[in-house]
Each structure stands twice: as C-alpha cells, then as structure tokens.
Amino acid sequence: MVILKTPEEIELMRESALIVSRTLGMLAGEIKPGITSLYLDKLAEEFIRDHDAEPGFLGMYDFPNTLNMSPNAQVVHGIPNNDPLKDGDIISVDCGALKNGFYGDHAYTFEVGEVAIETQKLLRVTKESLYIGIREFRLGNRVGDVGFAIQNYCESHGYGVVRELVGHGLGRKLHESPEMPNYGKRGRGKKFVEGMVVAIEPMINMGTRRIKQLNDGWTILTADGKPSAHFEHDVALINGKPELLSTYQYIYEALGIQSDEEAEFRRHEFH
Ligand code: MG
Ligand code: MG
C-alpha cells in the first residue's frame with residue numbers, strides 16, 4: 001500500500017533529505033586517494049548525529065555502518081573498510097538519515113583523483129538518467145514510465161541496467177511501496193498521485209547488467225568486473241509535478257563544480 005504524505009510531512013522529509021545532502025557535501029571534500037571508506041563512514045555518522053538525526057542505515061537489516069560504500073565494480077551495499085581509495089577509483093556513497101520520524105535516502109558516485117574518460121562518461125550518463133527518470137514522476141504517469149525512461153537512455157549508451165535492485169517509496173520506513181525499477185514499459189504499473197514520495201536510484205553498469213553478491217551477505221558487484229554507478233534523489237509529487245527534496249549542490253560547492261542541472265530540471269518542470 002502506498003502511504004501518501006501531507007504537505008507538512010513532505011517538508012519534514014525535505015529536512016531529512018537535506019541532512020543527507022549536506023553529509024554527502026561534507027564527504028565530497030574528504031574523498032581523495034589514501035582515505036579509507038571506514039574513515040569516511042565515521043565522519044558521516046558524526047555529522048548526521050551533530051545535525052540531530054540518526055544514521056538511517058546503521059543497524060537496518062543488521063547493516064553494520066552508516067554508509068554504503070561501493071567502489072569501482074561494486075554496484076551498491078558495499079561495507080566500509082580500511083582499504084585506502086586509489087587514484088582513478090570511483091566510489092558510490094549511499095547514505096540514509098532519520099529525523100522527525102522520516103527517512104532521507106540519497107546517493108552519489110564520486111571520482112577519486114583522475115578517472116578514466118569512459119568511466120567519467122558512465123557517471124555522467126547515469127546521473128542524466130536519474131533526472132530523465134524523475135521527469136516522468138508526474139501526475140497520471142505510472143511506475144513503468146520512470147523505469148522505461150531510465151532504461152531507454154542508459155541502454156542507448158550500451159550500458160547494463162541492474163534489474164535485481166530498485167528504487168522505492170520513502171517515508172516513515174526506508175523502503176515503502178511502490179517499488180521503482182530502473183527498467184520497464186510505458187504506461188505500466190502503479191499510477192502516480194499527489195503526495196507520493198519516492199527514492200529514484202538508477203544503478204547502471206558499464207558492461208553487463210548481471211550482478212553477483214559477495215559472501216559478506218551485502219556487497220553487490222558487477223558480474224564482469226566493470227565499473228558501476230549509482231545516483232539517487234528523493235522526490236515528492238507536488239502540484240502534479242516532481243519536486244526534488246534532496247540536492248547535489250553541497251557536493252558541487254565542495255568540489256568547485258559549476259552545475260545548473262537542478263535549476264535546469266526545475267525550469268524544464270515549471271514552464
Ligand atoms: Mg540509498
Ligand atoms: Mg534507496
């Protein structure tokens with residue numbers, strides 16, 4: 001059952017989402033060769049608690065840490081460890097926070113030092129597919145419209161779209177109905193209505209869409225060992241249209257990146 005949110009609840013959810021956005025922005029300034037994901041995890045936990053929130057993933061389904069840290073061929077659900085990041089790595093950072101009873105859940109794939117051009121392209125296309133998918137999250141559209149848009153765009157670049165893991169409704173629970181696959185058919189699935197809040201999160205592989213799982217019971221990685229990217233925003237359906245609750249602006253400020261992608265998205269939505 002889809003749990004719809006009131007405008008007041010959506011404002012609380014924006015607060016939770018923005019705590020995660022700020023956490024990712026803080027991490028952006030720390031991610032560099034030689035740093036370990038476990039160190040970053042501790043920073044994130046401290047930062048979230050300093051903002052009167054709880055880490056959303058710590059202890060959830062018995063996950064041992066605050067962040068999902070998934071470098072290179074890891075797709076999602078990587079466990080932070082003491083391996084130093086290397087120049088040329090990418091690392092997908094997925095973070096959750098719980099505040100006022102609501103979850104924020106938001107992810108970004110970072111470059112560590114100088115990254116190969118073809119990997120940079122994977123990150124760019126995956127992030128573009130996120131916005132392309134979000135645009136379909138509008139009144140009267142259906143779950144399949146979002147999935148189709150993401151799949152179509154990523155496959156047109158020859159990338160593999162992971163099927164086994166999906167986006168989801170978000171609220172007082174981290175995972176609510178509906179499931180939001182990154183693949184699908186136009187006009188199929190649950191219809192979007194006012195007050196829905198979802199996490200849309202393409203997980204896109206440079207090569208095969210096939211995945212495997214490490215025997216730690218968590219880490220998902222690509223079957224062919226090629227890199228994978230993951231970007232996730234929290235989005236509410238307000239006035240018939242998608243409204244971003246999370247933002248990458250803190251990341252871009254920390255990295256000195258000039259990006260108008262979110263303003264661009266809003267212009268596209270509201271004109
Ligand atoms: Mg997430
Ligand atoms: Mg999620």
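Just so it is clear, none of the values below were taken in a lab; they were calculated from the coordinates. Predicted model, so just to flag it, every value in this text is computed and none were measured. Quick reminder, even Gly has a Cβ in these numbers, built from the backbone with ideal geometry, and neighbours come from all protein chains shown.
Brief remarks on what is shown
- Residue in segment 85-99 that is out of contact with any helix residue (DSSP H, G or I) (no Cβ under 8 Å at 6 or more places or on another chain), among the hydroxyl-bearing types (Ser, Thr, Tyr), closer than 18 Å to Glu201 by Cβ and within 16 Å of ligand 1 (Cβ to nearest atom) present: yes
- When residues of segment 192-216 are limited to those that are assigned to a strand (DSSP E or B) and either touching a Cys at 6+ places or on another chain (Cβ under 8 Å) or in contact (Cβ under 8 Å) with a residue 12 or more places away in the chain (or both), the one nearest to ligand 1 (Cβ to nearest atom): Ala199
- Selection within segment 130-179 - in contact with a helix residue (DSSP H, G or I) (Cβ under 7 Å, 6 or more places away or on another chain) and hydroxyl-bearing (Ser, Thr, Tyr): Tyr131, Tyr153, Tyr159
- Here Gln151 meets the list (1) within 16 Å of ligand 2 (Cβ to nearest atom); (2) closer than 27 Å to Pro71 by Cβ; (3) not acidic (Asp, Glu) almost entirely, failing just condition (1).
- Any hit, segment 35-43, residues being within 16 Å of ligand 2 (Cβ to nearest atom), within 17 Å of the chain's Cα centre (by Cα) and of a type outside the set (Ser, Thr, Tyr): no
- Some residue of segment 15-38 being over 30 Å from Phe192 (Cβ atoms), part of a helix (DSSP H, G or I) and free of Cβ contacts under 8 Å to residues at least 60 places away in the same chain: yes
- Leading residue by the ranking (surrounded by the most Cβ atoms within 10 Å (Cβ to Cβ)) among those in segment 235-255 that are in contact with a Lys or Arg (Cβ under 9 Å, 6 or more places away or on another chain) and under 20 Å from Arg142 (Cβ atoms): Pro242
- Within segment 210-255, the set of residues being among the basic types (Lys, Arg) and in contact with a strand residue (DSSP E or B) (Cβ under 9 Å, 6 or more places away or on another chain) comprises Arg210, Lys212, Lys226.
- Note on segment 221-235: among residues that are within 16 Å of ligand 1 (Cβ to nearest atom) and in a strand (DSSP E or B), the one that is farthest from Arg266 (Cα to Cα) is Ser228.
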